[in-house]
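Asker: Quick one: the structure is below, and I'll ask about it shortly.
The values are calculated or read from the model by the stated rules, or taken from the named source; none is laboratory data. Here the structure is a predicted model, which is why all the values come from computation and not from measurement. Glycine also receives a Cβ, built like all others from the backbone with ideal geometry; neighbour counts cover every protein chain displayed. Side chains included, ligands, DNA and RNA excluded: accessible areas come from the protein's heavy atoms. Shrake-Rupley method; radii C 1.70, N 1.55, O 1.52, S 1.80 Å.
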Amino acid sequence: MFQKITLITLIIAFVSCQKKETVEKDKIKIADWLIGNWENTTPDGVLSENWQKLNDSTFSASSYFIKGKDTLHFETIVLAQLGETLTYKATVKGQNNDQPVFFPSTSESEKQLVFENPKHDYPQKITYTKGANNILTAEISGKLNGKPSSEKFVMTKK
């Protein structure tokens, strides 16, 4: 009898863990629309973000702004599902001693992802919005030098 109870308990524990892992990994699927190459060309230069899926729980991207032959901004981004939370990890070359800054998600939907870190100097909030006709709007916002500030970057899928 004891062996049967132990076996049933182990099976229930195994099935419960399997289901939880699936639920956890499934949450990142809401961000699948990010995958691809996004670009905005202006007289000031070209902004690009290139997103790819690394595995079932992690996406990565490189974001850069080029003016002529000069790279004025470069960052790497990892969007990972850690437990039940999507976390946006940005590493900007030349900032924060080249160490990553973490922005946990505060809102996810089929058309918008919001990440916030109120302790970061700027930005404190990063928002990605999926628009019609392969348009992606990335917005950074928060307080800069004590004043509200925001910047929007509208990109088209290439």
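Asker: Taking only the stretch 128-158 into account, find how many residues are closer than 22 Å to TRP33 by Cβ, of a type in the set (Lys, Arg) and part of a strand (DSSP E or B).
Answerer: The qualifying residues number 3.
Asker: Follow-up. Is there a residue in the stretch 89-106 that is outside any loop (DSSP other than H, G, I, E, B), under 27 Å from THR41 (Cα atoms), hydroxyl-bearing (Ser, Thr, Tyr) and at pLDDT 95 or above?
Answerer: yes
Asker: Taking ALA80, is it assigned to a strand (DSSP E or B) and closer than 17 Å to TRP38 by Cα?
Answerer: In short, no.
Asker: Take the conditions among the acidic types (Asp, Glu), closer than 17 Å to LEU79 by Cα, in a loop (DSSP other than H, G, I, E, B) and in contact with a strand residue (DSSP E or B) (Cβ under 8 Å, 6 or more places away or on another chain) and apply them to GLU110. Does it pass?
Answerer: Yes, satisfied.
Asker: Got a number for residues in the stretch 113-127 being open to solvent by 50 Å² or more (accessible area, probe 1.4 Å) and in a strand (DSSP E or B)? So that I can check it myself, show each step before the final result.
Answerer: First, pick out the residues of the stretch 113-127 that are open to solvent by 50 Å² or more (accessible area, probe 1.4 Å): 116, 118-119, 121, 125.
Those left that are additionally in a strand (DSSP E or B): 116, 125.
Here the count works out to 2.
Asker: How many of the residues in the stretch 81-111 are within 17 Å of GLU49 (Cα to Cα) and buried (at least 16 other Cβ atoms within 10 Å of the Cβ)?
Answerer: Pass one, the stretch 81-111, residues within 17 Å of GLU49 (Cα to Cα): 88-93.
Okay, now just the ones that are also buried (at least 16 other Cβ atoms within 10 Å of the Cβ), so 88-90, 92.
Counting residues in the stretch 81-111 that are within 17 Å of GLU49 (Cα to Cα) and buried (at least 16 other Cβ atoms within 10 Å of the Cβ) gives 4.
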